[in-house]
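Worksheet: one structure, shown below.
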Amino acid sequence: MTTELQAAPTPAPTAHSEALFARARAVTPGGVNSPVRAFRSVGGTPRFIARADGAYLTDADGTRLLDYIGSWGPMILGHNHPAVRGAIADALQYGTSFGAPGEREVLLAELVTRLTGVDRVRFVSSGTEATMSALRLARGVTGRKFIVKFRGNYHGHADGLLVEAGSGLLTNADGALGAAAPSSAGVPEEYAGLTLVSEYNDPAALDALMAARGSEVAAVIFEPVVGNAGVLIPTPEFLAALHRVKTHGALLIADEVMTGFRLSLGGATGLLGLRPDLICWGKIIGGGLPVGAYGGRAEVMDFVSPQGPVYQAGTLSGNPLAMAAGLATLSALEADPDLYARLGAYTTALADGLRDAASAAGVPISINHIGSMLTAFHLDAPDGSVRTYTDAAASDTKAFARWFQGMLGRGVYWAPSQFESIFVSGVHGDAELNATLDAARAAYVDLGRELGA
Ligand SMILES: *Cc1c(COP(=O)(O)O)cnc(C)c1O
């Protein structure tokens, strides 16, 4: 057994991915259409994926990989789910885009409002559009200019939100932390200047900021559980401070693009008993097709055009194929009430197994997990003690990168950045758990030996 674990895995062929990556780099910036796919912070060639089924991806060289990314969140039912595929195939018979309203938009809006408690919802085509539109709405409703966000939270790539942002912005080429505000070139400082930044899980800092500037703040936007700095779980005190921002007349916007329909049918809002004024969705709401949405009380949402003065539109918004995929996904989640408990049990077992394996190999890690989201930070601290972006930033990203490669080489496709959550799906079962922990034990042993050397 020991010798088996210690044997380095035979490297899987990557010639096809390498060739595709070379061609991609010639015609697309960095060879990818979204930065974190490029493997910059972990090194090596990104695997080009040829197909995806259940809990597995198959890359261009024919290697099967156990997937923990789930397309960065949407695939909570697993890839190529028969009900979702069937719904898309059915919708496909009737045309792919109408530029006029259709019944599926009504059905999905009825389902989303019923599951989440908002009165009205507007569909867009990405999470970025959802947060961008919700902030314009908040400014339109309040007549104020400033917004508040938190360090390391990511809300998509709109100008004013690329300030101290998480996700791909947290990892640069050498795996170190990204620069301070703004997080991207091309964001005018005038835009960034309208975004005030506070520290996640620091209620006193938020109270102080609101005491000083609250009357100018249109909205406070937050990830109710952070996925984009790695998983950070809010403290009850921080959640209470978030709700206090309403006393300043600011709207509270829960960015549930990642957590919506993932942490419960009612998202993090339902799980944690939050009372936001607006909620943003993406990812799962489209079941793997491009959908975003934002919603809230009628009197707020009725500021949106054509009902109200806040303009927001989209040629492909409410697209019939995308609505069909979203409807099938949310319906399948609703039809399986035990799913969230199963996801949580799998993720807890995964956390326990990773902790044991790392500690046996002498590798320090600190795990945060909730529902089907998990991050194992490579730092020496008790589990659950990583609470802020600053805590997470102390991770040994080089150690993470080595461990990531050890997992990938053993057929397990972890998120290629220390500062991301992994996502478990409903089709991750005992076989997948055992295979993951076998790979993890071996990868930690390798890493432990390197760290000790
Ligand atoms: C993914 C994500 C977004 C952006 O969604 P896109 O569909 O990638 O534009 C916004 N907010 C959060 C919390 C996310 O995880």
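The values are calculated or read from the model by the stated rules, or taken from the named source; none is laboratory data. Values in this document were obtained by computation on a predicted structure and should not be read as measured data. Here Cβ is always computed from backbone atoms with ideal geometry, including for glycine, and neighbour counts include all displayed protein chains.
Criterion applied to Ala254, Ala205, Ala268 was being within 14 Å of the chain's Cα centre (by Cα) and outside any strand (DSSP E or B), and the one residue passing it is Ala268.
When residues in segment 271-284 are screened for being under 14 Å from the mean Cα position of the chain (by Cα) and either under 15 Å from Ile233 (Cα atoms) or more than 10 Å from the ligand (Cβ to nearest atom) (or both), 1 of them pass. Across segment 20-41, the qualifying residues are those that are part of a helix (DSSP H, G or I) and out of contact with any helix residue (DSSP H, G or I) (no Cβ under 7 Å at 6 or more places or on another chain), and the one among them that is nearest to Ala399 (Cα to Cα) is Arg37.
One line per residue, one yes/no per condition, for (1) of a type in the set (Gly, Ala, Ser); (2) under 18 Å from Gly326 (Cβ atoms):
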| residue | (1), (2) |
| --- | --- |
| Leu77 | no, yes |
| Asn80 | no, yes |
| Val84 | no, yes |
| Gly95 | yes, yes |
| Ala100 | yes, no |
| Leu107 | no, yes |
| Thr128 | no, yes |
| Val141 | no, no |
| Ile147 | no, no |
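So is Ile285 under 27 Å from Ala83 (Cβ atoms) and in contact with a Ser or Thr (Cβ under 7 Å, 6 or more places away or on another chain) or not? The answer is no for Ile285. Counting only helices (runs of 4 or more DSSP H) that sit wholly inside segment 308-405, those with at least 1 residues that are among the aromatic types (Phe, Trp, Tyr) are 339-360, 389-393. Per the listing Gly287, Gly260, the residue uniquely within 15 Å of the ligand (Cβ to nearest atom) and either in contact with a Leu (Cβ under 8 Å, 6 or more places away or on another chain) or basic (Lys, Arg) (or both) is Gly287.
Per-residue answers, yes or no, for (1) over 24 Å from Thr315 (Cβ atoms); (2) touching a Ser or Thr at 6+ places or on another chain (Cβ under 8 Å); (3) among the basic types (Lys, Arg); (4) not assigned by TED's automatic domain parsing to the domain that holds Ala324:
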{"site": "Leu77", "(1), (2), (3), (4)": "yes, yes, no, yes"}
{"site": "Tyr94", "(1), (2), (3), (4)": "no, no, no, no"}
{"site": "Leu108", "(1), (2), (3), (4)": "no, no, no, no"}
{"site": "Gly140", "(1), (2), (3), (4)": "no, no, no, no"}
{"site": "Lys149", "(1), (2), (3), (4)": "yes, yes, yes, no"}
{"site": "His157", "(1), (2), (3), (4)": "no, yes, no, no"}
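Of the residues making up segment 372-407, those that are over 18 Å from Ala453 (Cα atoms) and of a type in the set (Phe, Trp, Tyr) number 3. Taking segment 204-253 as the range and being farther than 26 Å from Ser395 by Cβ and either of a type in the set (Lys, Arg) or within 16 Å of the ligand (Cβ to nearest atom) (or both) as the test, the residues that pass are Arg213, Ala219, Val220, Arg244, Lys246, Leu252, Ile253.
Among all positions in segment 105-118, there is at least one residue which is within 16 Å of the ligand (Cβ to nearest atom), touching a residue at least 40 places away in the same chain (Cβ under 8 Å) and closer than 30 Å to Asp207 by Cα. Among the residues of segment 421-437, those that are more than 22 Å from Thr14 (Cβ to Cβ) and either assigned to a loop (DSSP other than H, G, I, E, B) or not aliphatic (A, V, I, L, M) (or both) comprise Ser421, Phe423, Val424, Ser425, Gly426, Val427, His428, Gly429, Asp430, Glu432, Asn434.
In segment 294-301, the count of residues that are without any contact (Cβ under 8 Å) to a residue 60 or more places away in the chain, within 15 Å of the ligand (Cβ to nearest atom), crowded, with 24+ Cβ neighbours inside 10 Å and under 22 Å from the mean Cα position of the chain (by Cα) is zero.
Residues in segment 417-434 that are farther than 25 Å from Thr329 by Cβ and under 24 Å from the mean Cα position of the chain (by Cα): Ser417, Gln418, Phe419. Counting only residues that are at negative phi and exposed (fewer than 14 other Cβ atoms within 10 Å of the Cβ), which one in segment 65-96 is nearest to the ligand (Cβ to nearest atom)? Taking the candidates together, the pick is Thr96. Hey, among the residues in segment 123-149 that are within 29 Å of Ala332 (Cα to Cα) and touching a Phe, Trp or Tyr at 6+ places or on another chain (Cβ under 6 Å), which one's nearest to the ligand (Cβ to nearest atom)? Among them, the one singled out is Ala130.
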